[in-house]
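FYI, it's all coordinate maths here, none of it is from the lab. Quantities reported herein were computed from a predicted structural model and do not represent experimental measurements. Ideal geometry is used to build each Cβ from the backbone, glycine not excepted, and the neighbour counts take in all protein chains shown.
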Amino acid sequence: MALRNEPYKRQAALIKALAHPTRLQLLDILASDEACVCHLTAILKRRQPYISQQLMILREAGLVTDRKDGVMVYYRLADPTIADVVRATRGLLRTVGEAAAFPPIPTSPVEGCPCPHCGGEGPCT
Ligand SMILES: [Zn+2]
């Protein structure tokens, strides 16, 4: 019997959704707490449409979910085990001999962020 290919294709599609520097940064930030688009934009200092696009890819892959709270939309990891996967791939970096120093995730309040977590009133503009 041939080894079925389909489950590997689905696994590869999921890894592909993970395999992007900005998306890994987003997952890293969301591993500590939920966040709205403007908060993620303020931390990563990228344009909001770009952050929204990366969040959409993560959401379509089932890696993040969102919830509405009034005018705010907060994103979070769909499951805490996703953070374990991200950490495991960092361990893999050491295994293959690459020393990488990851920066600490900024805590709230983040400068220039208008979100309620940072003391603002939102919404993300
Ligand atoms: Zn914020």
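Summary of values
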{"read-out": "With Cα atoms, 0 to 90° folded angle of helix 48-60 axis to the chain main axis", "value": "40 degrees"}
{"read-out": "Cα-based helix-to-principal-axis angle, 21-32 vs the chain, degrees rounded to 10", "value": "70 degrees"}
{"read-out": "Calculated Rg and Dmax of the chain using C-alpha coordinates, Å", "value": "16.2, 60"}
{"read-out": "Span from the the range 76-125 Cα centroid across to the the range 26-75 one, whole angstrom", "value": "11 Å"}
{"read-out": "Calculated [θ] (222 nm, deg cm²/dmol) that DSSP helices of n ≥ 4 give over the chain, each run adding -39,500 (n - 2.57)", "value": "-15000 deg cm²/dmol"}
{"read-out": "Degrees separating the helix 81-95 axis from the principal Cα axis of the chain, which is the longest one", "value": "60 degrees"}
{"read-out": "Nearest-20 debye value, the chain charge dipole, Cβ charges on Lys, Arg, Asp, Glu", "value": "480 debye"}
